[in-house]
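A.B. asks: Sharing a structure, written as structure tokens. Questions coming.
The values are calculated or read from the model by the stated rules, or taken from the named source; none is laboratory data. Because the structure is a prediction, the values reported are computed rather than measured. Backbone-built Cβ (ideal geometry, glycine too); neighbour counts: all protein chains shown. Side chains included, ligands, DNA and RNA excluded: accessible areas come from the protein's heavy atoms. Shrake-Rupley method; radii C 1.70, N 1.55, O 1.52, S 1.80 Å.
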Amino acid sequence: MDFFETLADRIDAVDSVVSVGLDPDPSRLPETVTDADLPRWAFNRRIIDATHEHAACYKPNAAFYEDPDGWRALRETAAYAEGKGVPVLLDAKRGDIGNTARRYAEVLDHVDAITVNPYLGRDSLQPFLDRADKGVFALCRTSNPGGADLQDLELASGEPLYERVAALADVWNANGNVGLVVGATTPDELETVREIVPEIPFLVPGVGAQGGDAEAAVEHGLAERPDLPVDVGLVNSSRGIIFAGEESSRPGDEATYFGAAGDAAKRLKKRLNRHR
């Protein structure tokens, strides 16, 4: 099975399009895990235990694992999520050329999908695209305010750059494994990108702490593909789920802290499902 077939089965099984971002910021980890051999892994394991019934996917961000212990924690996390039947999308935003790109693509031996930066062109993405069984999500229209600095630039054709990226993604999708990252904080642009690429699934960040539009994220973020049993796409929340325990009545109690993450994932699933 390829990534989007696996994802479709997972969405169908748990009735959810929630992507849980696993960004274990060491400065925010609760005391209950800080004495563990690998605190980030200990934290992620408890988050997965609390949220997997509501998660279509887990999305660890590579920035939180860029050290020897971090990579160990990431490998353990990916294996544990796989054991729960949940695919893992590494948010790494890779993009380079030649043998560097080929080495970057080797991370797909350990995860199910990856985010990539398309601004070096097709050859920088080819080693990822060639992994037909893996998902490749190219940055298109991101949710940060500064994304407009480049993504909104008007080309000679009159289209903004992010629309050209979407059109190119359609060209690059020979193996049916390409997705796009399109933020929920720009719902009109989310709709525009969907019109350009009706069958490409989106990863939609920005619904959690960034306050993006949940209805637009579902309406335009999910793709209807004739070969899949359900509409496919992902809506991500990271801090709003994994650190929900910071706002609980007893943040020092482990069951209460991680229970809050499970409750937050369940609430987001219900919120998104109202628009599916």
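A.B. asks: When the Debye formula is applied to the Cα atoms of the range 132-276, each taken as the same point scatterer, what base-10 log of I(q)/I(0) results at q = 0.13, 0.20, 0.22 Å⁻¹?
C.D. replies: For the range 132-276 at q = 0.13, 0.20, 0.22 Å⁻¹, log10 I(q)/I(0) is -0.62, -1.15, -1.29.
A.B. asks: Another question, if that's okay. Under a Cβ-only charge scheme (Lys and Arg +1, Asp and Glu -1), can you give me the dipole magnitude of the range 3-273 about the Cα centre, in debye to the nearest 20?
C.D. replies: The dipole magnitude comes to about 420 debye.
A.B. asks: Which lysines does residue 84 reach when only Cα atoms under 20 Å apart count, and residues fewer than 8 places away in its own chain are ignored?
C.D. replies: 59, 134, 266, 269
A.B. asks: Report the net charge of residues surrounding residue 84, where surrounding means a beta-carbon distance below 15 angstrom and charges are Lys +1, Arg +1, Asp -1, Glu -1. Could you put the intermediate results ahead of the total?
C.D. replies: Numbers: positive: 10, 45, 46, 59; negative: 9, 49, 53, 76, 82, 112.
Net local charge, residue 84 excluded: -2.
A.B. asks: Tell me which label goes with the value of log10 I(q)/I(0) by the Debye sum over Cα atoms at q = 0.09, 0.13, 0.14, 0.16 Å⁻¹ computed from the coordinates here: (i) -0.51, -1.05, -1.19, -1.42; (ii) -0.38, -0.82, -0.95, -1.24; (iii) -0.42, -0.91, -1.07, -1.42.
C.D. replies: (ii)
A.B. asks: Roughly how many Å is it from the Cα centre of the range 1-64 to that of the range 223-271, as a whole number?
C.D. replies: 9
A.B. asks: Note down the relative contact order for the range 89-245 as a percent, whole number, built from C-alpha pairs under 8 angstrom at least six residues apart.
C.D. replies: Once normalised by length, the contact order is 16 percent.
A.B. asks: Additional query: Along the Cα-to-C-beta direction of residue 82, a point sits 7 Å from the Cα; which residues of the range 153-193 have their amide N less than 17 Å from that point?
C.D. replies: Counting only backbone N, you get no residues.
A.B. asks: Can you tell which of 63, 114, 86 lies farthest toward the positive end of the dipole of the range 62-121, using +1 and -1 charges on the Cβ of basic and acidic side chains (Lys, Arg; Asp, Glu)?
C.D. replies: The residue sitting most towards the positive pole is 114.
A.B. asks: I want to check the label-to-label distance for residue 53 and residue 231. Put each point 7 Å from Cα in the C-beta direction and report it in nm to one decimal.
C.D. replies: About 2.6 nm separates the two model spin labels.
A.B. asks: What number in nm² do you get for the range 131-209 if you take the convex hull of its Cα atoms and divide its surface by four?
C.D. replies: Details: hull surface 22.2 nm².
The orientation-averaged projected area of the Cα hull of the range 131-209 comes to 5.5 nm².
A.B. asks: Averaged per residue, what accessible surface does the chain expose to a 1.4 Å probe, in Å²? List each step's numbers first, then the result.
C.D. replies: Values: 11900 Å² over 276 residues.
Per residue, the chain has 43 Å² of solvent-accessible surface.
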